[in-house]
Structure formats: C-alpha cells, structure tokens
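> One structure is given below, represented as structure tokens, and several questions about it will come after.
The values are calculated or read from the model by the stated rules, or taken from the named source; none is laboratory data. Just so it is clear, the model here is predicted, and its values are computed rather than measured. With ideal geometry, Cβ positions are generated from the backbone for all residues, glycine too; neighbour counts draw on all protein chains shown. The area values use the complete protein model at the heavy-atom level, side chains included, leaving out ligands, DNA and RNA. Shrake-Rupley method; radii C 1.70, N 1.55, O 1.52, S 1.80 Å.
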Amino acid sequence: MSDFTTRPEIRGTFGTVTSTHWIASTVGMGILEKGGNAFDAAVATGLTLQIVEPHLNGPAGDLPAIFKLAEGGTPQVLCAQGPAPAGATLEHYREVLGGEHALIPGSGHLSTVIPGAFDGWMLMLRDHGTMEPAEVMAPAIGYARDGHPVLPRVADQIAGLADYFAEHWPTSHATWCPDGKAPEAHKLFRNSDLAATYQRLADSAEGDSREARIDAVRRAWSEGFVAEAIDTYVAEAEVMDVSESAHKGVLTKADMTGWQATVEAPLSVEYHGWTVYKTQSWSQGPVLLQALQILKQFDLAAMDPNGTEFVHTVIEAMKLAYADREAYYGDPAQSEIPMEYLLSDAYAAERAKLITDTASTEQRPGRVPGFEHLADACIARSTRDYEASDVAAQEPTMAHLTDRKGDTVHLDVIDRWGNAVSATPSGGWLQSNPVVPGLGFPLNSRAQMFWLEDGQPLTLAPGRRPRTTLTPSMAEKDGALLSFGTPGGDQQDQWQLVWFLRFVHHGLSLQQGMDAPLFHSMHFQGSFYPRACKPAEMMIEPNVGEATIEGLRARGHIVHVAGPWTVGRLTAAMREADGTLRAAATPRLMQAYAVGR
C-alpha cells in the first residue's frame, strides 16, 4: 500500500472536526478555538451543513448521533428521529394511496414524520455544550443571510427541478430560484427566510440559566411560530409528490409539541479487540454489527483488501445482515425486535455457513424462533412488483445515480478533553417537499420507509419511528476512540464496514482507507421509494483492478463499475490513548474536509 494519500491525515492534540463540507468543518473548528467543546462544535457544524448542503439535509430533517463524554463511561445515542404523526394511520394512508401494498411516496407531505433534527441539536447543546444558542447558530445565520458559494451539485439539482418547482412547488421556486432562475455554481447564494427563522429562534433564548434559554428556543420551534407555520401550511396545502398525484399531509402543531428528542443506550459487539457501537434497531445501524459478527468466522487479514475473495466475502455477509434488517428491524419501543438473538455469536456462526464461493441471488433472512412470519413477509415483499413513478425518486445515494436524488451529511468532532460526537443528519432535502412559507426550509420525507401491510415492525403507526438509514458509528479499543460515518442511504453501513475492516485487518490509516476503492451490494430491498431489489447486483470503483472485477463476475455477481472516485463519502476522527488526535475525509465530490491542530 502506497504512503501517498489524496489529503494529509490531520494530527494534533487541541481538537479536530471533519465533515462533508469544508465550510462546516472550519465553522466547527472555530467554535473549538473560541473555547467551546465538541458538543458546541458539532451543533454549529450541523446547523451550517443545513445551509451549505440543503440538497442533503435541513432543519426539519432527522438526526441520529453517537457521543462520548470526556469523563468516561459508555458512548450514548442521541435519537432525534421523529416518529409518524398522530394522523398517519394505516386506514387513512391505504384509503388515499390505494391499499396495503401501496408505497408511501418518496416526497410530499404524506411522507413527512415529525421534524427531529433541530430539537436534537438543541438537546445536545443543552445537556453537554457550554455555549448559548446565539453563539452556535451565528455561523449558519450568517451564511444564510449573507450568502455562501453554492456547490455545483446544488446548482445542478436546483436547475434540474426548476420547472417542477415552478409548476408544482412555488414556494420552493421562490426560495431556490431567486429572480426566477437557478443559482450559478460557486456564486453566493442566500436564504433570507431561513436566516430570519434561525435569528428569531436564537432571539427567543430567554431564561435565568443557559439550560432554560435553550429550552425556550426548543419551545419556539415545537410550540411557537415554527410549529404554527407548519401546521397552517400542511392543513391547507395539497402537494404534488413523486406518485404524480397531489396529497394533503397529516402533520400538526400538536404532533410537534408532543415530541422531543431523547438519549438512549447503544448496541455493541466486540470485534478483534474493538468495541463497536451503533444505534438501536430504529436505524439500520445494527446491520454493521451483524456483518462483523458473521465476518469473525473468516480470516480477512489473510485476504487482499482489494481482491476478489475479500470483496466477495464482505458482500455476501452484507446480504445476510441486510436481509435481517428487512425482516426484523423497527422501532423497539413499539415492536418486539429479536436483537439479542440476531447479534449472538451462535447465530452469526450459522449465518456464516451460508457464504459459499458463489454469489447468492436469494433474499435470505434468518429464521428466528417465534418470528418466522416476519422472514416470510420479507421474502414476499422482495418479489412484489411495486408500481412506482420514475419522477424525482427520493433515494439518498450518490452522483453515479441521478442528479434528482439526494444524499445525507456526516460530521465527527473530538475536542482536547476527549469529548467526541459522530452524527449523520439528513432529511428535509430541497427535493423532499415544498418550502414552508416564511420559514425557508422544507419538511422531511422519512415516512416513505414504512410499509402499509399489517403486523410488521415497519408497519405505519402513529408515534412509531421509521427504520432510518442514518447510522453514525463509534468504536473503542485500549483507551483509543474512533468516530466515523458517511452519507449514502442503504450504502452507509456497507461503506463504513469496508473502511473499518481495512483499518482493523490491513493496517490502513484513516486517510488511506478513505482513498481506497469502495464497493456495495444492491441485492436487498431498498429503504427508499420505489423500494427496489436488485438480486446479486453490486457496484464497485474501477481502481480495485480488472482482475478483481472479472473474478467477482466469475463468482456470479452482477457487477456495475462506477465512475472513478464516486462511491462513498466517509469521514473519521480518532483519539489515541495518549491524547493524540487524528482525522480524515474522503476526496470524493471534492467537498468533505478534515481540520484540526
């Protein structure tokens, strides 16, 4: 492996911030320089990402984070994934959409759950930060008010949707196409309505303590002018969505007032000395843990990390883990999820026996005792021919798919004291919904992950969290801490898995792993409208070499070779046991950046 990397691996002792946009990373570092901690910096970074990457996330989106306090203890999970509104009943959605086998559209107000991201950021700031709301919100407000150099991909996406906005989503056209035309790449772009919204929220911080002032901001969001504007708009608007029909939504102010972000324990497994932490099963995060459990049965260190055997083995393990995701995952507060069984050593050993030298073409969820009906339903769904429009499908993926599909963002922050945050915000993309009048941002579309059939962990139900694809990661070993993640929808845990395995087994540095060729399976049922399965299909970057690609095809994989440097958007930060900090960011799309000293 060459020592050359596309970017230097950042090293220091003071602090480091890495994210999917260079402006957001430097904003976070600026907060650290002002004396803030990792939580202050993460909030400022996250809010700024909403401004500079509006095609990937927004204030009304979703937010899972894993964090660790400097004083020790087990990492914790921040769940700011909003659940389905009270009006999101099976009966209503089946009536509107056409029965139990209909799909919830990938855009529009029917696809909206309770907005979670903003409240989640404020909860993190209140409980673990040190700064006032106005301090951490100031950079985002400034970039929204005064402008930021718009990314070429943002400009391209707006241009591709400009006619649709003008015809169907006029509030979005007014926001994203000022003066009636899409913005030019690299020119300053402003969102004055969003700047005003965030300024008004910051100004609402009144109270006798910092905590009380932050809670006042949260109330202004969930009970005050933001919730009122959303309630009024959703009650009146019939919004055209990806199904090519207009629908009214069900989200209300009462839904927003009755929900708050929470903190909970993570799931974890031991892997070659590392303890790896992920969210509970309301996220796809446990698939990475399941894949690690399966891969314990193989000598990955003896395999070429770019070779056919390594890629094949990892792909097949991911197929098995994701099959279980489709059958068994869901909100553990509302459904019984057999996660202890799914993460057990004995179960993983049996699953590993299913991996042969030939690519599987079947969906193979495990047969968990007492839950076999869920495996049967998963297989039935995977063979069903869902009717779906090709217009503006809302699947967060990457540039090698279509310009109308969004993505996600990620950030990792570690400060000089050892506080650490790994967060993967998403949702509320500019493609997901019309802009709420006067607020400057759209609602999310996460409800598209629910099913309308009875008796499943992902059956639509009021108060139930969708099984999100958002999945930050954290790991510990002998006093060292590793924080990592990526955008990418269903690919998130696949790309993270490949990167982590090469880090653990093949000695790649953080940045070398970022630069190494990535791959993922497309075999299992997708999380996003139109929920397609592509049996035995996979995607890989060409710099693994032709021999590997042909070797995979010989084993039965249907291999799609992506364009160079187009798969994955990983970032990572690490604190060594002696306090040394390291960070890295992918060169792909030429946006992500790690900073630190």
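> Straight-line reach from K278: which lysines fall under 27 Å, measuring Cα to Cα and dropping same-chain residues less than 8 apart?
Within the straight-line cut-off, K278 pairs with K68, K296, K319, K353, K405, K477, K534.
> For Cα pairs less than 8 Å apart in space and 6+ apart in sequence, what is the mean separation divided by the residue count of the stretch 47-117, i.e. the relative contact order in percent?
The normalised contact order for the stretch 47-117 reaches 34 percent.
> So what are the stretch 72-120's ellipsoid semi-axes, whole angstrom, largest first, if each one is the square root of 5 times an eigenvalue of the alpha-carbon gyration tensor?
31, 11, 9
> May I pose another question? State the antiparallel share, in %, of DSSP beta bridges confined to the chain, rounding to the nearest 5.
The antiparallel proportion sits near 90 percent.
> Mind ordering 17-27, 550-560, 180-190 by average Cβ neighbours within 10 Å, highest first?
Top of the packing list down: 17-27, 550-560, 180-190.
> How much accessible area per residue does the stretch 409-476 have, in Å², with a 1.4 Å probe?
It amounts to 13 Å² per residue over the stretch 409-476.
> Compute the length gained on full extension between E576 and E264: take 0.36 nm times their separation in residues and subtract their Cα-Cα distance, giving the result in nm to one decimal.
Taking 0.36 nm per residue and subtracting the Cα distance, the gain is 109.8 nm.
> Moving on to the next point. Could you work out the relative contact order of the chain, using alpha carbon pairs under 8 angstrom and six or more residues apart, expressed as a whole percent?
Relative contact order for the chain comes out at 25 percent.
> Hey, how many Å between the Cα centroid of the stretch 277-333 and the Cα centroid of the stretch 348-367?
Here the answer is 11 Å between Cα centres.
> Tell me, what is the per residue accessible area of the stretch 58-210 in Å², probe radius 1.4 Å?
Accessible area per residue: 37 Å².
> Can you give the calculated 222 nm mean residue ellipticity of the chain, where each DSSP H run of n ≥ 4 adds -39,500 (n - 2.57) and the sum is split over every residue, rounded to the nearest 500 deg cm²/dmol?
So the helix-based figure for the chain works out to -10500 deg cm²/dmol.
> Using only Cα atoms, what is the ratio of the radius of gyration of the stretch 1-57 to 2.2 N^0.38 Å?
Expressed relative to 2.2 N^0.38 Å, the Cα Rg reads 1.28.
> Assuming 0.36 nm per residue, please report the length gained on full extension of the stretch R210 to F14 beyond their Cα-Cα distance.
Computed gain between R210 and F14 is 68.0 nm.
> Take the Cα pairs of the stretch 198-312, get the Kirkwood Rh, then feed it into Stokes-Einstein at 37 °C and 0.692 mPa s and tell me D in µm²/s.
Answer from the Stokes-Einstein relation: 171 µm²/s.
> Over the stretch 1-136, what is the mean sequence separation of C-alpha contacts under 8 Å (at least six apart), divided by residue count, expressed as relative contact order in percent?
25
> Considering the stretch 141-191, what Rg and Dmax in Å follow from its alpha-carbon atoms?
10.5, 31
> Which value in nm describes the separation of the simple spin-label points at K477 and E350, placed 7 Å from the Cα toward the beta carbon?
For the pair K477/E350, the computed spacing is 3.0 nm.
> When the scattering of the stretch 1-158 is computed by the Debye formula from its Cα atoms alone, each counted once and equally, what is log10 I(q)/I(0) at q = 0.11, 0.18, 0.20 Å⁻¹?
Log10 of I(q)/I(0), two decimals: -0.58, -1.14, -1.28.
> Can I ask one more? I want to check the label-to-label distance for E100 and A86. Put each point 7 Å from Cα in the C-beta direction and report it in nm to one decimal.
2.7
> Dividing the alpha-carbon Rg of the chain by 2.2 N^0.38 Å yields what?
Its radius of gyration relative to the 2.2 N^0.38 Å reference: 0.89.
> Please name which of I355, A584, G568 has its Cα lying farthest along the dipole of the chain towards the positive end, using unit charges on Cβ (Lys, Arg +1; Asp, Glu -1) and the Cα centre as origin.
Comparing the listed Cα positions along the dipole, A584 ranks first.
> Write down the accessible area per residue of the stretch 211-323 in Å², having rolled a 1.4 Å probe over the full set of protein chains.
Spelled out: the 1.4 Å probe surface of the stretch 211-323, per residue, equals 32 Å².
> Using a simple spin-label model with points 7 Å from Cα along the Cα→Cβ vector, what separation in nm is obtained for K34 and D146?
If labels sit at K34 and D146, their model points lie 1.3 nm apart.
> Would you mind telling me the share, in percent, of accessible area of the chain contributed by carbon and sulfur at probe 1.4 angstrom?
With neighbouring chains kept in place, the figure for the chain is 49 percent.
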